[in-house]
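These notes are about the structure you will find just below.
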Amino acid sequence: MLKRITMLMPILIGALLFAGAEEVDAARCKTTGLLIKTTSCSYSTKKIEARPGIFRDVRYQVPEGTAPAGGWPVVVMYQGSFFTVQFSRTQGAPFGGFYEVKVIEKMLDNGFAVIAPDAGLDLFWETNLPTIYELTADYIFLNNLFAAIRNGSFGPINSNKKFATGISSGGYNTSRMAVSFPGEFKALAIQSGSYATCSGPICIVPTLPSNHPPTFFMHGFLDAVVPWWTMDLYYDKLRSQGIPTDRYTDYLAGHEWVSASAGKIYSWFNQYR
């Protein structure tokens with residue numbers, strides 16, 4: 001009997017760690033596992049052109065139920081370098097990826113559609129490269145993406161209620177929405193990033209456009225990739241120009257999504273929906 005129990009132990013431990021009883025079964029997302037949790041959200045994929053004949057994947061999902069008049073508000077989520085936005089992550093994923101999925105879950109559960117475009121073959125956004133941004137594939141791709149939102153390609157979405165968020169390169173690209181796509185977004189939330197043209201510790205924040213969307217920052221104080229003080233420069237500039245802003249610092253975090261990200265981003269966007 002003891003030998004049989006010993007043989008079964010790895011199976012029992014695996015079940016506890018990775019399968020477990022289903023703990024959350026929301027409309028679009030579910031969380032499984034007892035000790036190590038995995039959150040997964042259903043999604044669809046479309047391809048949007050970035051250059052003639054070159055397409056990028058766009059993952060998306062709308063909330064369960066009937067869309068409000070005018071369509072769902074939508075959060076566009078921009079990936080960080082090398083890691084595309086995924087709709088399923090397990091605790092312990094690099095750069096706090098599990099909490100990125102929690103952002104998706106929070107939005108879908110509270111009436112926001114989510115659209116997550118890939119950055120393409122470069123695996124990062126071109127916002128802070130030494131080039132003319134309007135000539136980049138990103139600029140063409142994002143204009144095509146926004147047109148597809150307007151024409152209903154992603155379902156009943158209100159193109160006048162767009163919000164943007166992202167981490168690292170995706171955080172810089174979130175800022176880019178204020179610089180190169182004026183009037184497109186109602187509010188922004190930047191995780192572990194700074195102004196559109198900054199890059200790590202190289203950061204100068206110029207005078208911002210007067211119609212810059214309200215912007216919220218989340219940052220790890222121990223971030224060695226995008227130093228906290230570069231976010232602070234951007235935050236101070238917004239405040240000095242009277243543009244609505246706020247921030248949350250996790251003093252124990254580095255370059256990563258954090259457990260507070262989902263709630264903080266939702267609360268910020270919900271003010272402006």
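General observations
- Extent along principal axes [Cα atoms of the range 93-144; Å; largest to smallest]: 38, 26, 16
- Computed [θ] at 222 nm, deg cm²/dmol, the chain (DSSP H ≥ 4; -39,500 (n - 2.57); rounded to nearest 500): -8500 deg cm²/dmol
- Under the convention that each Lys and Arg Cβ holds +1 and each Asp and Glu Cβ holds -1, the size of the dipole of the chain around its Cα centre is about 460 debye.
- Note that the range 176-258 carries a Kirkwood radius of 12.8 Å, evaluated over its alpha carbons pair by pair.
- Between helix 228-240 and the chain there is an angle of about 50 degrees, using the helix long axis and the longest principal axis of the Cα atoms.
- Annotation: aspartates and glutamates with alpha-carbon distance below 17 angstrom to residue 46 (same-chain offsets under eight excluded): 57, 118, 138.
- Computed over the Cα atoms of the range 131-273, pair by distinct pair, the Kirkwood hydrodynamic radius stands at 15.5 angstrom.
- Here's the picture: charge each Lys and Arg Cβ at +1 and each Asp and Glu Cβ at -1 in the chain, and of 36, 248, 155 the one pushed furthest to the positive end of that dipole is 155.
- In the distance distribution for the chain, Cα-Cα pairs more than 32 Å apart total 24 percent.
- Euclidean distance between Cα centres, the range 53-122 to the range 128-184, Å: 14
- Ranking 129, 140, 193 by how far each Cα lies toward the positive end of the dipole of the chain (charges on Cβ) leaves 140 at the top.
- Taking the protein heavy atoms of the chain in the context of the full set of protein chains, the accessible area attributed to carbon and sulfur is 58 percent at 1.4 Å.
- Put a plus charge on the Cβ of each Lys and Arg, a minus charge on the Cβ of each Asp and Glu, and nothing anywhere else: the dipole of the range 35-181 about its Cα centre is then about 220 debye.
- Its Cα centre serving as origin, the range 146-241 has a Cβ charge dipole (Lys and Arg +1, Asp and Glu -1) of approximately 360 debye.
- Listed by chain and number, the aspartates and glutamates whose C-alpha is less than 12 Å from the C-alpha of residue 30, apart from same-chain residues fewer than 8 away, are 22, 105, 109.
- For the range 40-180, the solvent-accessible area with a 1.4 angstrom probe is 38 square angstrom per residue.
The values are calculated or read from the model by the stated rules, or taken from the named source; none is laboratory data. What you are looking at is a predicted structure, and each value in this text was computed from that prediction instead of being measured. So basically every Cβ, Gly included, is an ideal-geometry build from the backbone, and we count neighbours across all protein chains shown. Accessible surface is based on the protein model in full, side chains and every heavy atom, while ligands, DNA and RNA are left aside. Shrake-Rupley method; radii C 1.70, N 1.55, O 1.52, S 1.80 Å.
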